Amino acid sequence: MCGKFTQMATWREVHRFSTLLSARPNDDEELTFTPMRSVPVVHLDASGMRIISPMVWGFTDRVAERRRPKHMHARGETVHQLPTFRDGFRRRRGVTWVKTFNEGLEVPVVFTDDTPAGKTWTQQWRIRRSDGRPAIIGVIFDEFDVGNGIEREFVQVTVPANALISEITDRMPLLLEDEDLPLWLGEAEAAEDQVCALIRTMDFSDRWEMFVEDPAKKPPRPRKPKV
């Protein structure tokens with residue numbers, strides 16, 4: 001499942017989402033986001049207007065003195081049922097936009113004599129739209145106040161991998177189209193089953209591309225321990 005994605009720095013300043021979707025800066029700084037980092041997320045405010053708020057990627061254990069990540073993703077098949085995610089799915093859906101997102105291929109590690117080492121090494125692959133437009137990932141979020149004002153955390157909704165991504169892993173983020181946003185964000189009145197219908201695997205093999213993030217990185221080849 002996706003554990004890293006990138007955005008362009010200028011996107012953080014875009015407040016009209018329609019403008020964001022057509023923005024394709026060529027000389028902008030690329031920002032990388034991983035779990036427990038703050039990410040710009042589009043959602044509705046109390047008046048029903050789209051806004052962008054910083055949210056930490058990951059639902060955390062807020063009982064402990066030091067927050068620890070508990071959930072980075074929510075399976076789309078059960079997000080509307082499980083107590084951890086159900087309320088967020090019904091009331092607090094959002095989206096974030098990405099230039100690329102990563103998936104990991106588990107590569108078997110072998111010893112220097114080419115015998116199996118019994119473990120794997122993760123090779124990072126990047127996926128992006130071939131036309132350069134941002135991709136839209138569906139998320140749910142939680143918000144709370146622990147004495148320092150409203151804070152927000154989000155998790156990505158995931159679905160079974162499509163034909164392209166199934167070459168490396170079995171899950172992928174929920175990817176939405178522009179026309180899905182009014183329903184997903186809650187601007188349009190809809191029954192729960194209508195929102196659930198947006199949670200589907202998108203087959204985009206002809207519109208996306210996938211490549212190894214760093215071809216120079218190779219799996220380790222440890223020496224076999226002496227018996």
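Remark: the GLN124-GLU187 segment gains 19.1 nm on full extension, using 0.36 nm per residue and subtracting the alpha carbon distance. For the pair GLN194 and ASP145, label points projected 7 Å from Cα toward Cβ lie 3.3 nm apart.
Put in line by how crowded their Cβ is, counting other Cβ atoms within 10 Å and starting with the fewest, LYS226, LYS99, LYS217 read LYS226, LYS217, LYS99. Using θ = phi - 60° in the Karplus curve 6.51 cos²θ - 1.76 cosθ + 1.60, the 3J(HN,Hα) couplings for the range 197-213 round to 5, 6, 8, 9, 7, 8, 8, 9, 4, 8, 10, 10, 9, 9, 8, 5, 5 Hz; x is entered for Gly and Pro.
Pairs of Cα atoms nearer than 8 Å and 6+ residues apart set the relative contact order; for the chain it is 22 percent. Legend: calculated FRET efficiency, ASP45 to ARG66, from the Cβ-Cβ distance at R0 = 35 Å, rounded to 0.05, equals 0.70.
Would you mind checking LYS119/LYS217; LYS70/LYS217; LYS99/LYS217; LYS119/LYS226 for any pair whose Cα atoms are more than 26 angstrom apart? Long pairs (Cα-Cα over 26 Å): LYS70/LYS217. Mean residue ellipticity, 222 nm, helices only, the chain: the sum of -39500 (n - 2.57) across DSSP H runs of n ≥ 4, divided by residue count and rounded to 500, is -2500 deg cm²/dmol. Cβ crowding within 10 Å, taken as a proxy for footprinting-reagent exposure, orders SER38, SER47, SER53, SER130 from fewest neighbours to most as SER47, SER130, SER38, SER53. In this structure the amide hydrogen of LEU31, modeled in the peptide plane, comes within under 5 Å of the amide hydrogens of GLN7, MET8, ALA9, none closer than 5 places in sequence on its chain. Take the Cβ-Cβ distance between ASP214 and GLU106 as r, set R0 to 22 Å, and report the resulting FRET efficiency rounded to the nearest 0.05. Computed FRET efficiency for ASP214 and GLU106 comes out at 0.85. Karplus-based coupling profile of the range 91-104, in residue order and whole Hz: 10, 9, 9, x, 9, 10, 10, 9, 7, 9, 9, 9, 9, x, with θ = phi - 60° in 6.51 cos²θ - 1.76 cosθ + 1.60 and x standing for Gly or Pro.
Inter-label distance, SER38 to GLU177: 3.5 nm, where each label sits 7 Å from its Cα along the C-beta direction.
A value for semi-axes √(5λ) of the Cα gyration tensor in Å was derived from the coordinates, and within the list (1) 36, 28, 16; (2) 53, 18, 15; (3) 33, 21, 18 it appears as (3). The residues LEU181, LEU105, when put in order of fewest to most other Cβ atoms within 10 Å, stand as LEU105, LEU181.
Bear in mind that the values in this text are calculations on the coordinates, not laboratory data. Owing to the predicted nature of the structure, the values given are computational and were not obtained by experimental measurement. Because the Cβ atoms are built from the backbone with ideal geometry, glycine has one as well, and the counts that use them run over all protein chains shown.
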